[in-house]
Structures are given as structure tokens and as C-alpha cells.
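I have placed the structure first, in the form of C-alpha cells, so that the comments after it can refer back to it.
The values are calculated or read from the model by the stated rules, or taken from the named source; none is laboratory data. Because the structure is a prediction, the values reported are computed rather than measured. Neighbour counts run over all protein chains shown; Cβ positions are idealised from the backbone, glycine included. When the accessible area is computed, the model is the full protein with side chains, heavy atoms only, and any ligands, DNA or RNA have been set aside. Shrake-Rupley method; radii C 1.70, N 1.55, O 1.52, S 1.80 Å.
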Amino acid sequence: MTQEEYINLYEKYQEGKLTDEEIRDFLAYKDEFELVDYPWDNQKMGSKENIQADIFNQISSQINQKPKSKNVIWLAAASILLAVFSLLFYFQLKDTDTSKNKIVENKLNQGEIRPGKNTAVLKLSDGSEIALSKTKDGFIKYDGNASINKKANLLSYKGNENRGETVYNVIYTPKGGQYQVELEDGTKVWLNAASSIRFPTVFNDDKRVVELSGEAYFEVAKDKSRPFKVLVKDASAANKMDVEVLGTHFNIQAYHNEDFKTTLVEGAVKVSNPLQKSFILSPGEQSSLSAKLENLTVSKANIKEALAWKNGLFIFNKEHITTIMSKIARWYDVEVVYEGNMDKKEFVGTISREENLSEVLKTLELTGTIKFKVEGRKVIVK
């Protein structure tokens, strides 16, 4: 993000007009702006907090002055940033080696648990596996008459005219991982942490079928002649729910021992369970299959909450602490242990998924109803 783009977001922030995605970008850039990765000497450089406050106050005052020329705003912000970073550069040059050692030492002492990242494993039809985060961009290989390519954090498939035998690939994300894949038909899938999708490298039949475990957001390519179906699995690999579509955008959450939820954003889907009748969802509706896989219901959806993970956010709407900690455990790859009574501990709020774990827990503790203790990668909830 450029300084000009940041100033534009800052103006919208002042007016209360930021979207969820813009809030995420704004918070992420603010984190970079806070100078936390630089060594700081309070005696030589003054209070870091005071200087940060001065920076934002000066930018804010420039924004609020009239006329609000974007060039003037950008130049004012750039001059402030240049002065601060020049100051930092000067002090860094004085003792580079000592500073680097202090940074490493501080990070080790802090024991910060970082948020998840774009990482996944691709399992090919022959059983071999490829760690995608360690694979260079470009062509990977052919599998089942489809070429597999990687660009940034997206894996894409492209078939050829000779469809050949149907073979399957699997992409799975670990705890603390997420990834994107574009299937051979053009369907786009975003995988959340601790999730997997099994799919044919080329869709040969008169229908398109994939298998999901965990959570994913789908943007299905339209093809009226070939319906698209998602078979939702549980830990036993048994089919527990079907979601059938023609062309639509929807999210499926299907983690083990949690309610299975299908949230429809656009189009129409039919949700069915082997033991019950099916439901056809309209945009803005959500189906829920109880954790015991007994009761399938439909209700009005909170779209922002359902898609928060995809937009880089945690959004809690009167959510119980155990549900919240399940999401946190998957994203930060930690173990959660409870001590004491967790009844009536519900929370409302929005937190960036790009924050370190300590910041997320600190925010929850501000309610005064919950306490956390972190031991290694174990979080004790009190």
C-alpha cells in the first residue's frame, strides 16, 4: 500500500465509511507504521509512544486542513515519515550488530505467537506431496491431463482437450494455514486453517463433485449442464451433508465436533443431510446441521460474521468463549485448556486476524470477564 492509499483509508476511517476489507488493510498498514521492528533508545530518541502519537496527530491535522488537496496530504505525510525513518536509520547505523542482536533477543524473550499464513500441502494422484509454501511460482507438473501452476498464494488447474482418466488431487492446510485454489472449470476456493478439499484435476463427467473437510468459501463457475456439488465430510471421512449448486458464492464451515454451517451469499444452493429432507437456501440465509448431525435448520445469516475469516477478521457476535477459542486455536496453532466455569462467557467484537496472539487475548481480557495464561503454545483460559 502506498502512503496516498493509506491517507485515503484514513479519511474514510474518520468518516466511519470503511468496509471490513478496508478495515483489515488499514490495521495491517498501521501495524507496519508503528515502528515495532526497530530498536529504540528512549534516552536518545525520546518516548516511542509520544513520537508515534505526534506522527498521527500531524497527519490528522494536515488531513483536516482546507483545502484538502491529496497532493498536499501525501507530501505532508511523506515528509513526517521521512523524518522519522531518517532518525531511525541514523541510530541504527551507530551500532548495527548490537541492534540486530537486541532484536533477536527481544523476539525470543517475548515468545510472540504469530498469526497464520498462506501455507498448504498438495497431494498428487500418485500419493506424493508438495509443500506449496516452499514451491516457486510457475508450472509445477501435469497430473491427469491438467497442468498445475502456482502464482503467489494461488494454485490453478488447466485441462487440455484430451480429458483422459479421472484422477484426484487433495489440498490441505495445517493449523495456522490458509490457501486458494482455482479448479479446472474456473471455480475458485478459499481454504481456511485445518481444512482440506479433494477434487478431480479435470471434470470429465456430467457433474462436478468435490469433497470438503473444515471450512472453505466457494465462487462456483457457472455451467448449467454440469451441476456442482460439495460432499461435506467429518473426521470419519463419512459423508454427512451435501451442498448442490449451479453458480453461486457460499461458505461452508464443517469442523469436527462443531455445527456444520452453509452460508449463501449469492445464487441458490440445496443443502441436504442423509437423514432429513433438503432445504433450498436463498441469498442471506444459513443452514446449520447440529454437531450431533441430527437437526438441520435454516435461519437468517450474518454474512459479515460468516466471511470474517476470509476477510482477515475475527467477528464475534454474542459468541461463547469455547467457540471463539476453537477459531483462535486453529489460526494460531495452539492448544487450549480451560480452568474454572466458562458459563455465560460470551463476547461481541471485531479483531484483526493479522494481530499476534497476545494482542487478541489482551483485547478479550479488556472485558474483565476472562483471563489468559500462555505457556509455550498452550493457552490456559481462566
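Side notes on the structure shown:
- Of residues in segment 150-161 being open to solvent by 50 Å² or more (accessible area, probe 1.4 Å) and more than 21 Å from the chain's Cα centre (by Cα), the one modelled with the lowest pLDDT: E161
- Every residue from segment 278-292 that is open to solvent by 30 Å² or more (accessible area, probe 1.4 Å) and among the aliphatic types (A, V, I, L, M): I280, A291
- Pick from segment 324-362, criterion under 13 Å from the mean Cα position of the chain (by Cα) and acidic (D, E), ranking: least open to solvent (accessible area, probe 1.4 Å): E355
- Among the residues of segment 264-274, those that are open to solvent by 10 Å² or more (accessible area, probe 1.4 Å) and not in a loop (DSSP other than H, G, I, E, B) comprise V265, E266, K270, S272.
- Selection count, segment 215-241, where residues are under 25 Å from the mean Cα position of the chain (by Cα), among the charged types (D, E, K, R) and modelled with pLDDT of 90 or more: 3
- The listed residues are K240, K224, K261, and the only one of them that is free of Cβ contacts under 8 Å to residues at least 24 places away in the same chain and either under 25 Å from D205 (Cα atoms) or open to solvent by 60 Å² or more (accessible area, probe 1.4 Å) (or both) turns out to be K224.
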